[in-house]
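The values are calculated or read from the model by the stated rules, or taken from the named source; none is laboratory data. Please read all numbers here as calculations on a predicted model, not as lab measurements. Backbone-built Cβ (ideal geometry, glycine too); neighbour counts: all protein chains shown.
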Amino acid sequence: MTTAPATGNEQPADSTVRVLICDDQALVRTGLVTIVDAQPDLEVVGECGDGRTAVELADRLRPDVVVMDVRMPVLDGIKATAQLAGAGVDRPVKVLVVTTFNLDEYVYEALRAGASGFLLKDAPPHQLLQGIRTVAGGAALLDPEVTRKLVGTYAARIRPAEAATHRELRLTPRELEVLRLVADGRSNSEIAAALTISPETVKTFVSRILTKLDLRDRVQAVVYAYRHGLAT
């Protein structure tokens with residue numbers, strides 16, 4: 001599992017991360033609550049079994065991270081994620097989606113909706129905990145190979161309707177190079193080696209790209225690149 005560097009809004013190192021758990025399976029939800037609450041730096045502030053309740057609780061409790069299932073009654077995890085972290089949300093909440101491999105299309109839609117990353121439900125507890133801390137710290141959590149497969153497969157269906165010219169994107173040629181390499185799942189060090197620049201310069205380019213395109217993190221940058229035909 002690879003984590004992308006934080007780009008701002010990092011969680012203070014000495015603060016407790018407030019977590020909301022949302023999963024419609026009571027046994028799974030109880031297990032997640034138990035694992036998270038056992039950590040001294042994490043606190044479960046609420047739990048629920050459907051997306052609508054997750055949105056209501058998040059608005060009232062203001063958690064740092066919502067651990068969100070995808071398939072749920074009343075309001076599914078994708079629509080709930082859009083209401084919590086989507087474009088135009090006044091006070092977005094970071095969302096970490098948990099799912100299974102056979103829900104690839106749902107994961108892609110969740111990332112489009114604003115999720116900061118995803119994990120598989122069969123991931124070991126330490127990966128879940130790492131994922132929560134990573135997302136809370138302002139970084140994106142993604143496996144480059146899986147993300148590339150997901151986004152490449154499903155973005156192709158909508159790319160014609162989302163096409164944009166380089167001028168419209170307001171990115172320089174070098175920024176476009178960096179964005180394509182980010183979409184290819186490359187780390188900052190790998191991008192630096194490919195372009196013969198320093199990792200610090202790559203971080204600067206990534207920050208500029210996110211700012212210009214009004215994106216929150218690298219997960220959104222990957223989705224954006226595929227949706228607009230900038231990566232294949």
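Please find, within the stretch 63-76, the residue that is surrounded by the fewest Cβ atoms within 10 Å (Cβ to Cβ) out of those that are over 16 Å from I132 (Cβ atoms) and in contact (Cβ under 8 Å) with a residue 40 or more places away in the chain. Outline the logic, then answer.
Step one: list which residues in the stretch 63-76 are over 16 Å from I132 (Cβ atoms), which gives 70-76.
Next cut, in contact (Cβ under 8 Å) with a residue 40 or more places away in the chain only: 70-73.
Details: V70: 25, R71: 15, M72: 23, P73: 10.
Checked the stretch 63-76; the qualifying residue surrounded by the fewest Cβ atoms within 10 Å (Cβ to Cβ) is P73.
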**Message:** Taking the criterion of being within 29 Å of D37 (Cα to Cα) and modelled with pLDDT of 90 or more, would at least one residue in the stretch 101-114 satisfy it?
**Reply:** no
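Listed here are the residues, each with its yes/no results for (1) part of a loop (DSSP other than H, G, I, E, B); (2) at pLDDT 95 or above; (3) within 30 Å of K212 (Cβ to Cβ).
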position	(1), (2), (3)
A13	yes, no, yes
I21	no, yes, no
L32	no, no, no
V45	no, yes, no
A58	no, yes, yes
L75	yes, no, no
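Quickly run through the stretch 47-56 and pick out the residues that are outside any strand (DSSP E or B) and either touching a residue at least 12 places away in the same chain (Cβ under 8 Å) or not assigned by TED's automatic domain parsing to the domain that holds L119 (or both). Let's see the steps before the verdict.
From the stretch 47-56, those outside any strand (DSSP E or B) are 49-56; that's our starting set.
Scanning the stretch 47-56 gives G49, D50, G51, R52, T53, A54, V55.
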**Asked** Of the conditions (1) at pLDDT 95 or above; (2) in contact with a helix residue (DSSP H, G or I) (Cβ under 7 Å, 6 or more places away or on another chain); (3) of a type outside the set (S, T, Y), V70 fails just one. Which one is it?
**Response** (1)
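Per-residue answers, yes or no, for (1) modelled with pLDDT of 90 or more; (2) within 14 Å of the chain's Cα centre (by Cα):
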site	(1), (2)
P63	yes, no
K94	yes, yes
F118	no, yes
T134	no, yes
G138	no, yes
